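All remarks here apply to the structure that follows.
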Amino acid sequence: MHLMSIEHISKTHGEKLLFEDVTFGVEEGDRIGIIGVNGTGKSTLLKVIAGLEPPDSGTVIVGSRVRIRMLAQDPAFAPGETALEHVLGGDSPQLRAVREYAAALAELERRPEDAALQQRLIAANQRMDELDAWQMESEAKAALGKLGIADVEAPVDTLSGGQRKRVAMAAALLQPSEVLILDEPTNHIDNESVAWLEGMLQKRRGALLMITHDRYFLDRVSNRVIELDRGRAYFYEANYSRFLELKLEREEREAASEAKRQNLLRNELAWIRRGAQARSTKQKARIDRYEALKAQAPKEAAGKLEVSVASTRLGKKIVELDSVSKRYGDRTLIRDFSYIAVPEDRVGIVGRNGSGKSTLLKLIAGRLQPDEGTVTLGPTVKIGWFSQEHEEMDGNQRVIEYIREGAEQVRTAEGESVSASQMLERFLFPPAMQWTPIAKLSGGEKRRLQLLRVLMEAPNVLLLDEPTNDLDIATLTVLEDYLDDFPGVVFVVSHDRYFLDRTVDRIFAFEGDGVIRKHTGRYSDYEEQAKQAAAGGGEASKPKPAPAATERERPLKMSFKDQKDYENIENWISETEEQLRAVAAQMDAAGSDSARLQELMEEQSKLEEKLNGLLERWTELSELAERIAERKKNGN
């Protein structure tokens, strides 16, 4: 079902063109991810679509019965309302019935003898029955709990900025709408909450438009991608993985077309320079053709973010934590934790919001002191602190002044001496923008500026607290490449699973009550082990007792079903892989048919699940066959 049309909309900010002549439609079932570097107008595009800002030109046409709900980066709340009241504050009949029942019940508890109130409660009860609204309150509480809001009666104005956004997200998910718009929904929520949100959005009816830097999230949730680049919008009927392939193909076509145009220009220029008399109609046409070719020049290529900064030499002794503990009131955040960092360590720190992750970074940086134990830094350690907030940035200070406080000159990894202004240009801050007050920058531009300041001070131990918040995907990709070659030590707090998998090889997991579990390997490996442990009641992490002698001596053999599966499973795997290839080919051919593409993506998901099951079964049967063969070889 068609929900809305965006027709030829354009928007500028001052003298800067954000986007122009953007046209597309939104259908039920569309899950559209909007991507682009910071400052290209992604949030502005969502606000225009939601009707919160007018376009400079063009129109947004919304179906008569289509409701739009938007989760903004800075949501607004009524004074004094609680988290639960905000979530239940929608205008649907069910939500109104829940509020009326709650109000009548509260009044009757204060005046139990009031006959009119008793009748009001009976009527509210009947209305709840008629609308089948009894589950609404419990669903609201469950959503708040999944998003880390334990006290649903807490006044919203007493919550932190991250908690307030999570309350607004719960409201956006539960209050009915045909078009849901989310601006950076994965910021400020932990990994478990991101996984829950993924599931909610995959099951949700209607349409979804979202901005997110979380590439795993974008890949699993979206089925369309809109890329904003230098004022233009590019459209892809694909998830994020397929988008990368299609974008590469588009850029290769554009490069080939530009090479052809340049060759034609050279030929035309050579003809003109030979001194042809531009008098005849034919000659004038030749000159007009040359001018037309010049006018076809593509827009200036987007700036390329460059991170190439030298670091300070690091000695053998780096960071040592010895039996460190830290408490706040009755809560123990860190209990008896010890660790010795080694050269080129890459440590990811994960856990629920409020569990103590940022506290651990502050202890390492010396910004907090432990209650027990010691934190020792080596004599050559130079800390680079990339904080979660912008609290260290003076909004009245100009961009160039902020960077010059760090260093007037910086030496790159290649040994080149570069000025502060030149480094700003490498970080996509052109000269005209360098004298802008920091307060006028977007959230992503502030984060990019803060990152440059940290790196310009040539640290050899980087402490990154939620570095992926507000940074666009292009910047994150360059930062990941920089960390690949960074010769120092990195401790990073992040909920971005892709970023963790890409950059770290060790995990510190905050598991509650001050316990920090160490895991060697990627985040995905840790997550899989944690799921297995949870499924086994925690037994997966404990060593299993050796089997009894009688069990060891019991003959091994395959059952009739095992034998049949073992004979056929490789064929089943091959058939399923062939089916997956066929579905992939159909997806390529589906083009802009979003309904057909959605069907194929669901079929692909089922086939992938089937293939994983077959591979697990093949592994199980192969191991059993090997054990049987080994037992026979040993004569048992």
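Data for the structure
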quantity: Protection proxy ranking, peptides 461-471, 342-352, 126-136, average beta carbon neighbours within 10 Å, highest first; calculated: 461-471, 342-352, 126-136
quantity: Where the chain is the region considered: accessible area per residue in Å², 1.4 Å probe; calculated: 52 Å²
quantity: Inter-centroid distance (Cα atoms) of segment 125-143 relative to segment 397-459, Å; calculated: 53 Å
quantity: Positive-pole candidate from Met601, Ala255, Met456, dipole of the chain, charges at beta carbon; calculated: Ala255
quantity: Residues with amide H under 5 Å from that of Asp345, placed H, sequence gap 5 or more; calculated: Val490
quantity: Length released on extending from Asp21 to Ser64, taking residue separation times 0.36 nm less the Cα-Cα span; calculated: 13.1 nm
quantity: Burial ranking of peptide ranges 60-68, 79-87, 496-504 (average Cβ count within 10 Å, highest at the top); calculated: 496-504, 79-87, 60-68
quantity: Ranking by accessible area, most exposed first, for Tyr339, Tyr216 with a 1.4 Å probe; calculated: Tyr216, Tyr339
quantity: Accessible area of the chain belonging to carbon and sulfur atoms, whole % at 1.4 Å probe; calculated: 49 percent
quantity: Nearest-10 value in Å² for the accessible area of Ile226, using the 1.4 Å probe; calculated: 0 Å²
quantity: Listed residues His2, Gly384, Ile68: farthest to the positive end of the dipole of the chain (Cβ charges); calculated: Gly384
quantity: Full-stretch length increase - Asp151, Thr520 - with 0.36 nm per residue and alpha-carbon distance subtracted; calculated: 129.3 nm
quantity: CD proxy at 222 nm, helix term only [per DSSP H run n ≥ 4: -39500 (n - 2.57); per residue of the chain; nearest 500]; calculated: -15000 deg cm²/dmol
quantity: Total formal charge among the other residues, if their Cβ is under 10 angstrom from that of Tyr216, Lys/Arg +1 and Asp/Glu -1; calculated: -2
quantity: Sequence-separation-based contact order of segment 374-493, relative, with Cα cut under 8 Å and 6+ spacing, percent; calculated: 36 percent
quantity: Net charge over other residues, Cβ less than 10 angstrom from the Cβ of Thr520 (K, R count +1; D, E count -1); calculated: +1
quantity: Rel. contact order, % - alpha carbon contacts under 8 angstrom, at least six apart, the chain; calculated: 13 percent
quantity: Estimated FRET transfer efficiency when R0 is 51 angstrom, pair Glu609-Ala270 (beta carbons, to 0.05); calculated: 0.25
quantity: J(HN,Hα) series, segment 82-89, from Karplus relation 6.51 cos²θ - 1.76 cosθ + 1.60, nearest Hz, glycine and proline x; calculated: 8, 4, 5, 4, 5, 5, 8, x
quantity: Full-stretch length increase - Lys632, Glu405 - with 0.36 nm per residue and alpha-carbon distance subtracted; calculated: 74.3 nm
quantity: Peptides ranked, highest mean first, by Cβ atoms within 10 Å: ranges 141-153, 178-190; calculated: 178-190, 141-153
quantity: Amide H within-cut-off set for Thr82, under 5 Å, with H built and near neighbours excluded; calculated: Val156
quantity: Calculated Rg and Dmax of segment 31-158 using C-alpha coordinates, Å; calculated: 19.5, 63
quantity: Convex hull projection area averaged over all views, the chain, Cα basis, nm²; calculated: 43.5 nm²
quantity: C-alpha center-to-center spacing [segment 467-538, segment 1-75] in angstrom; calculated: 34 Å
quantity: Nonlocal amide H pairs with Ile334, under 5 Å, H built at 1.01 Å; calculated: Lys326
quantity: Net charge over other residues, Cβ less than 12 angstrom from the Cβ of Trp572 (K, R count +1; D, E count -1); calculated: -3
quantity: Charge dipole (debye, nearest 20) of the chain; +1 at Cβ of Lys and Arg, -1 at Cβ of Asp and Glu; calculated: 1660 debye
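The values are calculated or read from the model by the stated rules, or taken from the named source; none is laboratory data. Note that the structure is a prediction, hence the values are computed from the model and not measured. Note that each Cβ is placed from the backbone with ideal geometry, even for glycine, and that neighbours are counted across all protein chains shown. What goes into the accessible areas is simple: the full protein's heavy atoms, side chains included, and nothing from ligands, DNA or RNA. Shrake-Rupley method; radii C 1.70, N 1.55, O 1.52, S 1.80 Å.
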